[in-house]
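Student: Sharing a structure here in structure tokens format.
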Amino acid sequence: MAGRRVNVNVGVLGHIDSGKTALARALSTTASTAAFDKQPQSRERGITLDLGFSCFAVPLPERLRPALPAPEAGSQAAEPLLQVTLVDCPGHASLIRTIIGGAQIIDLMMLVIDVTKGMQTQSAECLVIGQIACQKLVVVLNKTDLLAEGKRQAAIDKMTKKMQKTLENTKFRGAPVIPVAAKPGGPEAPETEAPQGIPELIEVVKKVKSMQMFHMPVSSAMQGDRLGVCVTQFDPRLLERGLVCAPESLRTIHAALISLEKILYFRGPLQTKAKFHITVGHETVMGRLMVFSPSPESFDREPVLDAFDFSREYLFQEQYLCRDSAPAASDGAEATPKVGQAPEGPYPRQQWALVEFEKPVTCPRLCLVIGSRLDADIHANSCRLAFHGTLLHGLEDKNYTESFLPRLKVYKLKHKQGFVERVLDDYSVIGRSLFKKETNIQLFLGLKVHLSTGELGVIDSAFGQSGKFKVRIPGGLSPDSRKILSLAMKKRGRAGRGEVAVEEEGAERPEPAQPVSLSLTFKRYVFDGDKRMVQSP
């Protein structure tokens with residue numbers, strides 16, 4: 001009888017030609033039809049083009065055995081096993097969509113590094129993906145057999161220290177670093193020499209816990225399982241990669257509200273209206289962003305990671321707010337950012353984006369979303385991963401701009417500045433330079449303005465045809481304000497007549513008369529069809 005199994009999915013990621021597939025082959029005892037580059041296209045090009053699956057099993061450690069269900073009464077229980085399913089991901093930069101998809105189904109990541117080359121651009125991208133998508137990491141220094149025998153251990157120790165330093169600013173700080181030679185002599189060498197370091201690597205992987213199953217005759221399966229299904233009279237070439245799910249658990253959406261966090265490794269800005277490649281699960285489509293944040297008084301509010309509050313108001317942003325201080329690079333490799341770290345200073349602790357997809361996507365709520373610039377030069381020494389987040393709310397209605405978006409209270413804060421032209425009486429002044437000549441001032445009637453002298457006024461009516469307007473001051477002008485306005489208007493009048501003030505010798509120099517300004521601040525909601533202007537009470 002087959003023993004009970006605890007399964008863990010381990011992703012094998014790294015730069016192209018670092019030996020990932022050779023490592024998966026050296027570890028595995030059972031391979032699927034998609035393992036070890038069996039596809040004709042992979043063999044023809046000599047690189048991994050899609051996810052490969054294989055596995056090995058070891059006795060289940062004692063600390064994991066209490067998590068297993070008790071055996072059925074009367075049955076003879078076989079030795080329980082820890083089964084490790086290896087997900088071999090491509091290493092070529094052009095296949096990053098597949099790499100991201102593979103990373104979303106793993107519990108632990110093995111980052112494979114060519115010990116003779118160290119961290120490379122794609123290694124760094126894989127490390128960033130790992131920070132977003134999984135919780136545990138093992139660094140594998142491969143190809144140790146290519147190091148000079150007399151200097152081998154010193155070279156391994158040096159690279160181990162470099163990798164530990166690289167991981168210091170990530171959540172993988174202190175992760176184990178294991179040297180191996182998965183295929184001594186290289187890919188073309190005969191199968192005469194056994195792989196080196198594999199038992200030590202297996203001992204490290206055994207420390208991970210995840211409850212799933214794999215590659216056995218079963219009557220049921222659960223999320224995370226690698227399952228083969230025999231379907232008769234069916235051409236497999238007609239089947240596309242998709243999702244198996246319970247009814248009503250997935251939705252096809254045209255846009256989404258997501259939590260938004262920039263990857264500091266990404267050098268460019270996250271701008272509203274910019275297009276990115278949006279990866280949701282195994283699907284990647286183009287999407288356009290609209291970035292927004294809490295109102296400024298709520299910048300310090302504790303982040304909420306699993307829900308979106310439609311009752312609150314949000315501030316429109318031209319781009320994601322952060323400090324553009326990417327960590328410094330060292331040893332020819334890019335430094336690694338602290339994913340999830342809130343920026344210092346007057347920045348919001350949480351930001352969001354409305355993502356509008358160019359074509360619908362099917363996905364569950366609260367799934368991982370990754371934005372990338374996959375059209376960037378794959379040979380450039382820069383990270384193409386731009387941001388990540390969680391899908392909080394999907395918009396299923398094709399006409400969501402009319403049916404849904406008016407619920408989303410995102411506003412732009414508008415500010416206009418003008419000046420007092422002259423005083424009419426103690427309770428009213430004439431303003432200028434706040435509006436253009438062609439502006440319909442009727443739209444602004446009743447809005448509050450603030451005088452730089454401290455009074456609060458209300459726009460009462462237009463005054464003439466040149467964009468001037470009358471401001472009513474309910475509390476009246478103070479004596480000091482009238483004096484300031486009188487001096488400012490006298491100075492303006494003399495300047496208008498071309499007069500020059502002559503200062504008498506020994507006379508006290510008067511304070512320069514500054515114009516009295518008028519400031520108008522209001523909100524305009526992005527999705528309000530009537531474009532109304534709103535001020536706080």
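Student: Here's a check for you: in region 47-65, which residue that is of a type in the set (D, E, K, R) and more than 32 Å from the chain's Cα centre (by Cα) is modelled with the highest pLDDT?
Tutor: Glu62
Student: Can you tell me which residues in region 7-33 are part of a loop (DSSP other than H, G, I, E, B) and out of contact with any Ser or Thr (no Cβ under 7 Å at 6 or more places or on another chain)?
Tutor: Ile16, Asp17, Ser18, Gly19, Thr29, Thr33
Student: When you go through (1) at negative phi; (2) assigned to a loop (DSSP other than H, G, I, E, B) one by one for Gly186, which number turns out not to apply?
Tutor: For Gly186, the failing item is (1).
Student: If we scan region 155-163, do we find a residue that is in a helix (DSSP H, G or I), under 18 Å from Ile106 (Cα atoms) and in the same structural domain as Glu193 (by TED's automatic domain parsing)?
Tutor: The answer is no; no qualifying residue exists.
Student: A further question follows. Go through (1) under 22 Å from Ser486 (Cβ atoms); (2) part of a strand (DSSP E or B); (3) of a type in the set (Val, Ile, Thr) and name the single condition Ile459 misses.
Tutor: (1) is the only condition that Ile459 fails.
Student: Mind telling me which of the residues Asp397, Asp460, Asp375, Asp425 ends up being over 30 Å from Cys322 (Cα atoms) and exposed (fewer than 12 other Cβ atoms within 10 Å of the Cβ)?
Tutor: Being over 30 Å from Cys322 (Cα atoms) and exposed (fewer than 12 other Cβ atoms within 10 Å of the Cβ) holds for just one of Asp397, Asp460, Asp375, Asp425, which is Asp425.
Student: Within region 242-282, how many residues are touching a Ser or Thr at 6+ places or on another chain (Cβ under 6 Å) and closer than 12 Å to Phe357 by Cβ?
Tutor: Residues in region 242-282 being touching a Ser or Thr at 6+ places or on another chain (Cβ under 6 Å) and closer than 12 Å to Phe357 by Cβ: 2 in total.
Student: Here's another thing I want to ask about it. Within region 374-397, which residues are touching a strand residue (DSSP E or B) at 6+ places or on another chain (Cβ under 6 Å) and part of a loop (DSSP other than H, G, I, E, B)?
Tutor: Leu374, Arg384, Glu396
Student: Determine which member of the set Ser123, Ser32 is small (Gly, Ala, Ser), over 27 Å from Met159 (Cα atoms) and either at pLDDT 85 or above or surrounded by 17 or more Cβ atoms within 10 Å (Cβ to Cβ) (or both).
Tutor: Result: Ser32 is the single residue among Ser123, Ser32 that is small (Gly, Ala, Ser), over 27 Å from Met159 (Cα atoms) and either at pLDDT 85 or above or surrounded by 17 or more Cβ atoms within 10 Å (Cβ to Cβ) (or both).
Student: Might you check whether a residue that is more than 27 Å from the chain's Cα centre (by Cα), farther than 21 Å from Glu313 by Cβ and in contact (Cβ under 8 Å) with a residue 60 or more places away in the chain occurs anywhere in region 399-417?
Tutor: Yes, region 399-417 has at least one match.
Student: I'm trying to understand the selection: among the residues of region 274-301, which are surrounded by fewer than 21 Cβ atoms within 10 Å (Cβ to Cβ), of a type in the set (Gly, Ala, Ser) and assigned to a strand (DSSP E or B)?
Tutor: none
Student: Now for a separate question. On the basis of being among the charged types (D, E, K, R), surrounded by fewer than 12 Cβ atoms within 10 Å (Cβ to Cβ) and over 25 Å from Leu321 (Cα atoms), does Glu455 make the cut?
Tutor: Considered against the rule, which asks whether it is among the charged types (D, E, K, R), surrounded by fewer than 12 Cβ atoms within 10 Å (Cβ to Cβ) and over 25 Å from Leu321 (Cα atoms), Glu455 comes out as no.
Student: Okay, moving on. Report yes if Glu44 is modelled with pLDDT under 85, surrounded by fewer than 23 Cβ atoms within 10 Å (Cβ to Cβ), acidic (Asp, Glu) and assigned to a helix (DSSP H, G or I), otherwise no.
Tutor: So Glu44 fits the description; yes.
Student: Shifting gears a bit: Filter region 356-398 down to residues that are among the hydrophobic types (A, V, I, L, M, F, W, C) and over 12 Å from Ser259 (Cα atoms), then give me how many there are.
Tutor: Result for region 356-398: 11.
The values are calculated or read from the model by the stated rules, or taken from the named source; none is laboratory data. Everything quoted here is computed from the prediction, not taken from an experiment. Note that we place each Cβ from the backbone using ideal geometry, even for glycine, and neighbour counts take in every protein chain shown.
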